[in-house]
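The values are calculated or read from the model by the stated rules, or taken from the named source; none is laboratory data. None of these values were measured; they are calculated from a predicted model. Because the Cβ atoms are built from the backbone with ideal geometry, glycine has one as well, and the counts that use them run over all protein chains shown.
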Amino acid sequence: MKPSQKTQQASFIPTCREEMNKRSWEDLDVLFVSGDAYVDHPAFGAALLARLLESHGFKVGILAQPEWKNSEALTVMGRPRLFTAITAGAMDSMVNHYTAAKRIRHNDAYTPGGTAGKRPNRAIIAYTAAIKGAFKGLPTVIGGIEASLRRLAHYDYWSDKVRRSILIDSKADLLIYGMAEAALVETAKRLNEGESFDTLTDIKGTAFVDRNTNNKAVHLPSYEQVLESKDAYNFAFKLSSRQENPFSAKTLTQQHGTRYLVVNPPSLPLSAAELDQIYDLPFNRQPHPKYNKAIPAYEQICHSITTHRGCFGGCSFCAITHHQGKTVQSRSEKSILNEINRLTEQKNFHGTISDIGGPTANMYGLHCANKKAEKVCQRSSCLYPDMCKNLTTNDQPATRLLGKVRQHKKVKHTFIASGIRYDLLPQQQHYFDDLLRHHVGGLLKVAPESTSDRVTRVMRKPGAEIFTRFLEEFRQRSRELGQRQAIVPYLISNHPGCTLDDMIDVALYLKHNNLKVEQVQDFTPTPGSLSTCIYYTGKDPFSEETIHIPRTSKERKLQKALLLFHLPESKSDVLEALKICHRMDDAKMLFDNRLPMRKKNQTPRAKRHKSSK
């Protein structure tokens with residue numbers, strides 16, 4: 001590293017020609033285009049990858065939420081020497097723009113002031129076309145969650161049809177899926193050494209288009225076949241799911257017309273040392289100073305710490321496993337504490353760490369104890385349908401870390417807001433104790449998603465019995481500690497497999513257990529997930545069981561109202577649902593506040609009637 005580079009890295013990544021001039025740069029090596037505002041924080045993907053490339057000696061610039069229809073706005077920093085890296089941002093742009101009811105959202109958490117409309121629909125395709133128009137012949141690399149989960153032919157909820165791979169539709173030169181660090185650095189280095197894009201066909205975690213078929217690859221049903229046949233779509237999903245283990249996966253190929261999409265095996269998980277190097281990069285941890293309005297997503301995470309990535313929960317509706325991988329990759333304790341030291345030096349830090357965790361906070365430090373089995377494992381979840389015997393559930397690394405954070409002189413409070421797996425807590429009693437004693441802050445958010453066993457089976461989540469045991473233990477321990485603490489459950493309405501009868505049972509469970517839902521997540525079929533595959537085809541691709549899908553706007557409205565039965569405005573819809581299911585006798589239980597709550601260890605009996613379709 002040159003002596004001046006450390007000083008350069010302490011400033012923001014250039015976003016305009018003036019900032020390039022301050023570094024005495026004539027041109028860039030790599031230009032990033034992102035649908036998010038530029039926040040120089042490791043929780044923002046474009047910033048993290050730009051810092052990583054910079055640490056390898058590359059000159060990098062960022063165009064954040066550019067005016068994609070204005071070529072002058074795209075060329076403000078000139079033509080990059082190697083390629084442009086394009087991402088829609090931290091969210092799929094269609095999820096960012098539309099609700100589950102396909103209504104336009106009026107805010108965007110990744111934009112200054114929360115203003116909506118600063119990125120285009122199908123941002124990857126729009127940005128790539130704009131860059132190709134502005135820089136004729138410049139190679140483009142697409143990545144981020146939008147590209148990652150749309151890498152194969154996929155069902156698109158917003159157009160209600162199967163779309164081609166986003167690599168085909170965008171006409172980009174290379175797609176990097178998953179967490180892109182290793183693949184992006186290798187791509188940049190090989191291009192810098194003189195290779196052409198045509199030779200970049202062997203990089204893990206990438207996809208490209210070829211004119212010839214690969215006889216050694218796993219051949220998925222073609223785009224044309226999955227477009228015409230839902231059975232073919234299910235079969236393609238099942239085949240691709242079997243190639244997600246980065247240690248043993250084979251290359252996939254899927255024909256699109258006369259061309260072949262080729263998807264190389266996933267990148268290997270990063271080691272603790274590799275993760276540490278990334279999070280130790282000199283982030284400012286602030287939005288770029290050009291913004292004069294707050295960025296809601298930054299406000300939420302600015303005082304949080306990421307301890308690990310990856311999740312072995314395998315929930316059917318979740319994209320984390322498909323994007324970050326099933327292997328939990330944990331940072332070292334030293335690296336995390338060093339980041340906390342830097343955080344506490346910020347002027348806007350007042351002693352509270354808002355969250356310390358990852359996709360699931362209590363997975364920090366957990367791993368497969370059988371390396372031989374891990375390399376060939378085909379399980380999508382280490383927890384469902386039961387806990388894998390090879391899973392190490394030792395909570396000592398997490399409790400030791402939390403203890404050291406509590407001892408920090410400048411840290412007054414540390415909360416865990418990123419969610420926990422309550423079905424892990426019976427094996428993590430020390431973590432459970434620390435959580436209740438020090439890190440809840442009054443309300444603990446957990447995500448049972450449903451309390452209907454028929455529905456949680458489709459979700460690949462633990463059922464009502466496990467959640468009830470957790471709820472009772474949480475309340476009992478909180479009372480013993482003299483803590484006034486409560487559970488805020490996160491539940492999904494209209495998930496595949498959920499009928500009105502099931503949702504009535506969920507509402508009764510909430511009432512019997514004195515729980516109220518503050519927010520309801522209405523199921524949105526997002527690209528790449530198992531739940532979306534089931535939603536589209538109406539079948540589980542693994543069991544081939546036919547699954548009920550709540551499709552009509554009326555059923556979706558009633559299911560959501562049942563979760564919010566305690567609100568006066570929901571009453572008429574709840575009564576309509578009860579009438580449809582011939583369960584009007586349950587109205588008194590739901591609406592009469594004079595009825596006593598259930599006694600300890602007493603679970604309400606779900607009434608079984610003919611399911612409403």
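With the condition kept exactly as written, say whether any residue in the stretch 235-245 is under 30 Å from Tyr279 (Cα atoms), of a type in the set (A, V, I, L, M) and either surrounded by 19 or more Cβ atoms within 10 Å (Cβ to Cβ) or in the same structural domain as Arg122 (by TED's automatic domain parsing) (or both). Checked the stretch 235-245: no residue is under 30 Å from Tyr279 (Cα atoms), of a type in the set (A, V, I, L, M) and either surrounded by 19 or more Cβ atoms within 10 Å (Cβ to Cβ) or in the same structural domain as Arg122 (by TED's automatic domain parsing) (or both). Among the residues that make up the stretch 509-519, is at least one of them in a loop (DSSP other than H, G, I, E, B), crowded, with 22+ Cβ neighbours inside 10 Å and modelled with pLDDT of 95 or more? Scanning the stretch 509-519 turns up no residue that is in a loop (DSSP other than H, G, I, E, B), crowded, with 22+ Cβ neighbours inside 10 Å and modelled with pLDDT of 95 or more. Exactly one residue out of Gln378, Gln346 is within 25 Å of Gly314 (Cα to Cα) and either part of a loop (DSSP other than H, G, I, E, B) or free of Cβ contacts under 8 Å to residues at least 60 places away in the same chain (or both), and it is Gln378.
Within the stretch 101-125, being surrounded by fewer than 18 Cβ atoms within 10 Å (Cβ to Cβ) and either more than 25 Å from Gly178 (Cα to Cα) or at pLDDT below 95 (or both) holds for Ala101, Lys102, Arg103, Ile104, Arg105, His106, Asn107, Gly113, Gly114, Thr115, Ala116, Gly117.
Among the residues of the stretch 528-553, what is the count of those that are among the polar types (S, T, N, Q), part of a loop (DSSP other than H, G, I, E, B) and over 24 Å from the mean Cα position of the chain (by Cα)?
The first filter runs over the stretch 528-553 and keeps only residues among the polar types (S, T, N, Q), leaving 529, 531-532, 537, 543, 546, 552-553.
Applying the additional criterion that residues be part of a loop (DSSP other than H, G, I, E, B) yields 529, 543, 552.
When the remaining residues are screened for being over 24 Å from the mean Cα position of the chain (by Cα), the result is 543, 552.
Total meeting the criteria: 2.
Does Ala183 satisfy the criteria of being touching a Pro at 6+ places or on another chain (Cβ under 6 Å), at pLDDT 95 or above and in a helix (DSSP H, G or I)? So Ala183 does not fit the description; no. If you scan the stretch 30-80, which residues turn out to be basic (Lys, Arg) and out of contact with any Leu (no Cβ under 7 Å at 6 or more places or on another chain)? Lys69 - this is the single residue of the stretch 30-80 that is basic (Lys, Arg) and out of contact with any Leu (no Cβ under 7 Å at 6 or more places or on another chain). Between Lys410, Lys404, the distinction of being touching an Asp or Glu at 6+ places or on another chain (Cβ under 8 Å) and surrounded by fewer than 20 Cβ atoms within 10 Å (Cβ to Cβ) belongs to Lys404 only.
Only a single criterion out of (1) part of a helix (DSSP H, G or I); (2) farther than 16 Å from Lys557 by Cα is not satisfied by Asp502, namely (2).
Only one of the numbered conditions (1) of a type in the set (Gly, Ala, Ser); (2) within 15 Å of Glu449 (Cβ to Cβ); (3) out of contact with any Pro (no Cβ under 9 Å at 6 or more places or on another chain) is violated by Ser531, and that is (3). Taking the numbered list (1) out of contact with any helix residue (DSSP H, G or I) (no Cβ under 7 Å at 6 or more places or on another chain); (2) outside any helix (DSSP H, G or I) in turn, Ile168 passes all entries but (2). Taken over the stretch 175-232, the criterion of being among the aromatic types (Phe, Trp, Tyr) and more than 24 Å from the chain's Cα centre (by Cα) is satisfied by Phe197, Tyr223.
Listed by position, the helices (runs of 4 or more DSSP H) contained in the stretch 50-153 that have at least 3 residues being touching a residue at least 60 places away in the same chain (Cβ under 8 Å) and assigned by TED's automatic domain parsing to the domain that holds Ser196 are 93-97, 123-134, 144-149.
Taken as a whole, the condition of being assigned by TED's automatic domain parsing to the domain that holds Leu564, modelled with pLDDT of 95 or more and not in a helix (DSSP H, G or I) applies to Ile492.
Only residues that are among the aromatic types (Phe, Trp, Tyr), under 26 Å from Ile492 (Cα atoms) and either in a loop (DSSP other than H, G, I, E, B) or modelled with pLDDT under 95 (or both): list them for the stretch 272-322, please. Break it down stepwise before answering.
First, the residues of the stretch 272-322 that are among the aromatic types (Phe, Trp, Tyr): 279, 283, 291, 298, 312, 317.
Going one step further and asking which of them are under 26 Å from Ile492 (Cα atoms), we end up with 298, 312, 317.
Within the stretch 272-322, Phe312, Phe317 meet the criteria.
Every condition in (1) basic (Lys, Arg); (2) in contact with a helix residue (DSSP H, G or I) (Cβ under 6 Å, 6 or more places away or on another chain); (3) touching a residue at least 60 places away in the same chain (Cβ under 8 Å) is met by Arg331 except one, and the failing one is (3).
For Arg460, are the conditions met, namely being touching a residue at least 60 places away in the same chain (Cβ under 8 Å) and in contact with a Phe, Trp or Tyr (Cβ under 9 Å, 6 or more places away or on another chain)?
Details: touching a residue at least 60 places away in the same chain (Cβ under 8 Å): yes; in contact with a Phe, Trp or Tyr (Cβ under 9 Å, 6 or more places away or on another chain): yes.
The answer is yes for Arg460.
Does His322 satisfy the condition of being closer than 23 Å to Val458 by Cα, out of contact with any Cys (no Cβ under 8 Å at 6 or more places or on another chain) and in contact (Cβ under 8 Å) with a residue 40 or more places away in the chain? Yes. For residues that are of a type in the set (Ser, Thr, Tyr) and touching a residue at least 12 places away in the same chain (Cβ under 8 Å), scanning just the stretch 16-42, find the one that is farthest from Ala188 (Cα to Cα). The extreme case among them is Tyr38. Per the listing Gln255, Gln243, the residue uniquely of a type outside the set (Lys, Arg), assigned to a loop (DSSP other than H, G, I, E, B) and within 21 Å of Asn212 (Cβ to Cβ) is Gln243.
Here the condition is being in contact with a His (Cβ under 7 Å, 6 or more places away or on another chain) and surrounded by fewer than 19 Cβ atoms within 10 Å (Cβ to Cβ); of Val185, Val218, Val209, it holds for Val185 alone. Taking Gln346 as the residue in question, decide whether it is surrounded by fewer than 19 Cβ atoms within 10 Å (Cβ to Cβ) and modelled with pLDDT under 95. Yes; evaluated as a whole, the condition is true for this residue. Annotation note: Cβ proximity below 8 Å between a residue of the stretch 572-586 that is in contact (Cβ under 8 Å) with a residue 12 or more places away in the chain and of a type in the set (Val, Ile, Thr) and a residue that is surrounded by 15 or more Cβ atoms within 10 Å (Cβ to Cβ) and not in a helix (DSSP H, G or I) (sequence gap 6+ or interchain) occurs for Val574/Phe565; Ile580/Ser612. Scoring Thr307 on the criteria (1) in contact with a helix residue (DSSP H, G or I) (Cβ under 6 Å, 6 or more places away or on another chain); (2) over 23 Å from His41 (Cα atoms); (3) not acidic (Asp, Glu) leaves a single failure, condition (2).
Restricting the stretch 378-387 to residues that are surrounded by fewer than 18 Cβ atoms within 10 Å (Cβ to Cβ) and not charged (D, E, K, R) leaves a set whose member that is nearest to Met363 (Cα to Cα) is Met387.
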